[in-house]
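Let me begin by presenting the structure, written as structure tokens, before commenting on it.
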Amino acid sequence: MTLAEMSFVLPDLRPAAAEIFLLVMACAILLIDVFSKNPKRTMTFVLTQVTLLCCVFITFATSSAEITYTFSNMFVDDLMADFLKLLLYLTVLVVMFYSRAYMLERAPHATGEFFALTLFATLGMMVMISANHFVTVYLGLELLSLSLYAMVALNRDSVQATEAAMKYFVLGALASGLLLYGMSMIYGATGTLEITGVAERLAMGVANKTVLTLGLVFLVAGIAFKLGVVPFHMWIPDVYHGAPTAVTLLIGSAPKLAAFAIVMRMLVNGLIVLAVDWQQMLIILSVLSMAIGNLAAIAQTNLKRMLAYSAISHMGFMLLGIVTGVVGGDARYALNAYSSAMFYVVTYVITSAGTFGMILLLARSGFESDQLDDFKGLNKRSPWFAAIMMMLMFSMAGVPFFVGFFAKLSVLQAVVAAGYMWLAIAAVIFSLIGAYYYLRVVKLMYFDEPTDTSPIDAPFDIKLLMSANGLAVAVLGIFPQALMSLCAYSLLRSL
């Protein structure tokens with residue numbers, strides 16, 4: 001081998017500048033926190049926020065309408081990636097603000113680790129969003145998963161948290177194995193691990209169809225676990241319930257953006273030729289998720305468990321958009337269908353973050369405030385916070401004219417346009433069933449007597465952020481077109 005052949009070509013680092021910066025800062029913050037003497041971890045908190053704001057600036061500065069590949073085509077930078085990353089930074093910023101007081105009270109010994117692990121989890125999600133290679137997807141996924149396993153168990157004295165972390169770890173390892181096995185079979189059938197390369201081999205018709213279909217089954221099973229859809233949902237209620245509420249807030253929001261991204265990268269970008277096969281699987285997963293998620297949520301008395309089953313049903317609803325992109329080889333409705341699914345995920349993340357933020361706001365020393373009864377008479381304790389929670393619940397239920405209504409409407413329009421009328425009718429029926437348990441929370445807040453009459457005390461910044469979160473749900477409901485257009489434009493420039 002000659003010297004020229006051995007020479008290493010430096011990849012273009014510009015598309016991954018935000019990831020590199022975040023990695024360096026996460027390591028630095030971890031070291032700084034070790035030597036910090038401040039029990040409130042102010043320096044760690046400020047640095048994490050500054051890091052995320054710098055990532056926003058870097059992503060804007062490096063954004064381009066062109067699709068850019070780097071690291072031997074393993075990493076892609078396009079408008080979909082940039083848009084999802086910006087939403088990710090915003091979500092994690094909000095999560096940090098909501099969580100700080102809770103973590104200082106519940107696990108002061110681990111507050112610094114919580115911030116650092118959140119940054120590593122964010123890095124994992126960023127890698128997933130920009131992955132153009134099965135190995136890159138897996139690296140991002142494992143970085144996210146390992147960070148979340150540790151975070152669920154941060155409260156070492158809680159048996160519930162430790163049990164939830166063990167379940168999450170065991171089931172997560174199983175799902176990662178399924179995903180990896182599916183990837184290896186697709187590699188065996190096509191001879192490449194590069195997602196765009198897989199699409200090219202499939203278009204040429206050189207792949208082994210039998211091995212490919214088996215690989216696809218395992219791949220969809222692994223993705224379904226990460227999305228938390230039926231029948232791979234068993235970890236969600238226990239993890240949501242057992243984890244510290246600050247960690248539940250993170251799990252219930254930001255990773256949904258990354259999960260949507262890997263569905264788009266692997267199934268739509270890589271395996272679109274097999275759309276007929278994976279769409280049939282996703283239809284089953286979607287209908288089961290909407291049915292079991294909504295019906296099981298009705299029986300819950302714990303708000304975190306109720307929101308866990310709600311998340312299952314919402315991810316099932318989101319899959320409807322993915323299902324209706326290509327019908328009988330006709331991709332006319334693809335952009336409309338995929339952008340409706342993206343819009344649905346974004347609105348769900350905004351609403352979910354606000355809802356868990358409200359649970360954190362009401363929590364106090366020795367009291368989690370995660371039971372439905374804890375919200376009784378909230379209007380008498382704080383009319384403003386009751387109004388915000390009502391807006392969030394109305395949006396989740398799909399009540400006009402909140403943003404959740406338009407998210408559901410856009411997905412249903414895509415489903416009807418694709419000719420799946422029975423699927424649209426099923427989705428509407430399950431949404432009506434789901435409205436019951438959301439409206440029950442509103443009924444408890446406004447029509448029941450409070451079990452606790454103590455005033456709600458919250459720092460000004462948290463009050464301001466919670467108000468902005470609640471009002472965003474209402475304002476985006478009145479003017480949904482801007483966000484819809486952003487979703488459609490980012491996908492148009494990326495697919």
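The values are calculated or read from the model by the stated rules, or taken from the named source; none is laboratory data. It should be emphasised that the depicted structure is a prediction, and the values quoted were computed from it without experimental measurement. Heads up, the Cβs are rebuilt from the backbone with ideal geometry, glycines too, and the neighbour counts pull from every protein chain shown. When the accessible area is computed, the model is the full protein with side chains, heavy atoms only, and any ligands, DNA or RNA have been set aside. Shrake-Rupley method; radii C 1.70, N 1.55, O 1.52, S 1.80 Å.
Would it be correct to say that R156 is under 30 Å from K37 (Cα atoms) and not in a helix (DSSP H, G or I)? Taking the combined requirement at face value, the residue satisfies it. Of the helices (runs of 4 or more DSSP H) lying entirely inside the stretch 1-115, those containing at least 2 residues that are farther than 27 Å from V349 by Cα and among the aliphatic types (A, V, I, L, M) span 3-6, 17-35. From the list G197, G177, G188, the lone residue that is open to solvent by 30 Å² or more (accessible area, probe 1.4 Å) and more than 22 Å from the chain's Cα centre (by Cα) is G188. So, M183, is that one in contact with a helix residue (DSSP H, G or I) (Cβ under 9 Å, 6 or more places away or on another chain), closer than 29 Å to D82 by Cα, touching a residue at least 60 places away in the same chain (Cβ under 8 Å) and aliphatic (A, V, I, L, M) or not? Spelling it out, it is not the case that M183 is in contact with a helix residue (DSSP H, G or I) (Cβ under 9 Å, 6 or more places away or on another chain), closer than 29 Å to D82 by Cα, touching a residue at least 60 places away in the same chain (Cβ under 8 Å) and aliphatic (A, V, I, L, M). Is there a residue in the stretch 118-129 that is β-branched (V, I, T), more than 23 Å from A18 (Cβ to Cβ), open to solvent by less than 10 Å² (accessible area, probe 1.4 Å) and in a helix (DSSP H, G or I)? No - not one qualifying residue is present in the stretch 118-129. Residues in the stretch 441-461 that are at pLDDT below 90 and either polar (S, T, N, Q) or open to solvent by less than 20 Å² (accessible area, probe 1.4 Å) (or both) were compared, and the one that is nearest to K380 (Cα to Cα) is T453.
The criterion of at least 3 residues that are out of contact with any Lys or Arg (no Cβ under 6 Å at 6 or more places or on another chain) and farther than 18 Å from L88 by Cβ is met by the following helices (runs of 4 or more DSSP H) wholly inside the stretch 224-277: 235-242.
The set of residues in the stretch 285-312 that are open to solvent by 10 Å² or more (accessible area, probe 1.4 Å) and within 23 Å of Y338 (Cβ to Cβ) comprises L285, V287, L288.
Cβ-Cβ contacts under 8 Å between residues 6 or more apart (or on different chains), taken from a first residue in the stretch 30-54 that is without any contact (Cβ under 8 Å) to a residue 24 or more places away in the chain and over 18 Å from A17 (Cα atoms) to a second residue that is open to solvent by less than 100 Å² (accessible area, probe 1.4 Å) and in a loop (DSSP other than H, G, I, E, B), are listed as M43/S36.
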